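Here the structure comes first, spelled out in structure tokens, and everything after it is commentary.
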Amino acid sequence: MKPAAIDTLSECDARRIARHAQAADAARFLHPVQQALLHRRGWLTMLAPRSAGGAELPLPQAVRLEEAVAAIDGSMGWVLTLCAGAGWFAGFLAPELARAIIGTPRVCLGGSGAPTGYAEQEGAGYRISGCWDYASGAPMATHFTLNAQLRANGQPLLDEAGAPRIRAFLVPAALVDIVPTWNCIGMRASASHSYRIDGQWVAREHGFAIDAAFATAAGPLYRYPFYALAYVTLAANMAGMASHFLQLARQCIRHRRHAGLGLPLLEVPEVAALLRDKQHAFAAARTHFYAVLDASWAQVAAASPLDANAMRSVQASSLALVAIARAAVDELYPYCGLYAAREDSPINRVWRDFHTASQHALLLP
């Protein structure tokens, strides 16, 4: 049997993901079949350097895969995106350490970006303490990434502007205690729990800077700016969930009847026009989003860094796609009937996932 391509979602894999999405939502974590698929396909290391054992996929291919998975199950798409994104940090670690981490059996990197902990300089390393929120995929993580404020002799270290110095770290899960705090209405199976570290020591090489100037892997993937990468991967997830909602909403509207006219809602001109307009607007925004992404990737791959205008275009196209997706979901939901309000219906799960994911800080309107 020919192995599945790492950058595509086969129909067979899509069926596997969909078959277990409801059970994962009820269990509040990805089904074992979904977890096994993430590992077997190598998706969790698709953004890690080839030199470390990862796939180092071109970003546009990875983003399209993330959207495709999110269009089947939002929680699985989110875990894939956030954990593969943490794997991207291997391109900024010392090569030997990166190989050791990415070579870990069933490796999965989770983490958080908020600097809600401290790293005290101690010998040839740091002693880390703190608590961090929203580590998607936490129960399956073998390693956690975090940002911490640097200290020496109990005093904060400051940068040239007088602000606390922040450094990123990657630590093994054995040093981490998961705090089960994830209790949102949607994205339940993402298990985006908090985690705590109490005075654990790590060697200096476990710290790294997320900056192209400090990349240890040579490929263009590690020259692509972090925030631009974050915007496009999150927006793709929102697009995947929105496309799933639009598909299910059309089915609901087709089966629901207008009480006064006695017609299926899909045959009411105003409703049909609304559905058509939202589908067209979403498709146009998605096309523009990928055009901007592909152009920005081509620029970086040609060894030309993104300037401020290009960065703004990436951000603007990402936020525009999310905004149009929000409008489509919110304006079509009232036409979907009580079935869409049932917690056990697929459209309700997609609706809950979409609105929970849309609360990410980078996706503010």
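Just to be sure before I move on: is Leu109 touching a strand residue (DSSP E or B) at 6+ places or on another chain (Cβ under 6 Å), surrounded by 24 or more Cβ atoms within 10 Å (Cβ to Cβ), more than 30 Å from Gln22 (Cβ to Cβ) and of a type in the set (A, V, I, L, M) in the structure I sent?
On the way: touching a strand residue (DSSP E or B) at 6+ places or on another chain (Cβ under 6 Å): yes; surrounded by 24 or more Cβ atoms within 10 Å (Cβ to Cβ): yes; more than 30 Å from Gln22 (Cβ to Cβ): no; of a type in the set (A, V, I, L, M): yes.
For Leu109, the condition - touching a strand residue (DSSP E or B) at 6+ places or on another chain (Cβ under 6 Å), surrounded by 24 or more Cβ atoms within 10 Å (Cβ to Cβ), more than 30 Å from Gln22 (Cβ to Cβ) and of a type in the set (A, V, I, L, M) - is not met.
Kindly indicate whether any position in the range 224-236 is within 24 Å of Pro58 (Cα to Cα), touching a residue at least 40 places away in the same chain (Cβ under 8 Å) and assigned to a loop (DSSP other than H, G, I, E, B).
yes
Can you tell me which condition Pro95 does not meet? The list is (1) within 10 Å of the chain's Cα centre (by Cα); (2) surrounded by fewer than 24 Cβ atoms within 10 Å (Cβ to Cβ), and all the others hold.
(1)
How many residues does the range 84-112 hold that are assigned to a helix (DSSP H, G or I) and touching an Asp or Glu at 6+ places or on another chain (Cβ under 7 Å)?
Of the residues in that region, 1 qualify.
List the residue pairs whose Cβ atoms are under 7 Å apart, where the first residue sits in the range 342-356 and is closer than 14 Å to Val329 by Cα and β-branched (Val, Ile, Thr), the second is open to solvent by 10 Å² or more (accessible area, probe 1.4 Å) and in a loop (DSSP other than H, G, I, E, B), and the two are 6 or more positions apart or on different chains.
Cβ pairs passing all conditions: Thr356/Cys184; Thr356/Ile185.
Consider the range 290-319. How many of its residues are open to solvent by less than 30 Å² (accessible area, probe 1.4 Å) and either closer than 11 Å to Tyr231 by Cα or polar (S, T, N, Q) (or both)?
The total comes to 5.
Take the range 161-198 and flag every residue that is over 22 Å from Gly87 (Cβ atoms) and hydrophobic (A, V, I, L, M, F, W, C).
Within the range 161-198, Ala161, Ala163, Val179, Cys184, Ile185 qualify.
Is the range 186-204 home to any residue that is surrounded by fewer than 19 Cβ atoms within 10 Å (Cβ to Cβ) and under 23 Å from the mean Cα position of the chain (by Cα)? Before you say what the answer is, go through the steps one by one.
Initial filter on the range 186-204 (surrounded by fewer than 19 Cβ atoms within 10 Å (Cβ to Cβ)): 194, 196, 198-201, 203-204.
Next cut, under 23 Å from the mean Cα position of the chain (by Cα) only: 194, 196.
Yes, the range 186-204 contains a residue that is surrounded by fewer than 19 Cβ atoms within 10 Å (Cβ to Cβ) and under 23 Å from the mean Cα position of the chain (by Cα).
The values are calculated or read from the model by the stated rules, or taken from the named source; none is laboratory data. What you are looking at is a predicted structure, and each value in this text was computed from that prediction instead of being measured. Note that each Cβ is placed from the backbone with ideal geometry, even for glycine, and that neighbours are counted across all protein chains shown. Heavy atoms of the whole protein, side chains included, go into the accessibility calculation; ligands, DNA and RNA do not. Shrake-Rupley method; radii C 1.70, N 1.55, O 1.52, S 1.80 Å.
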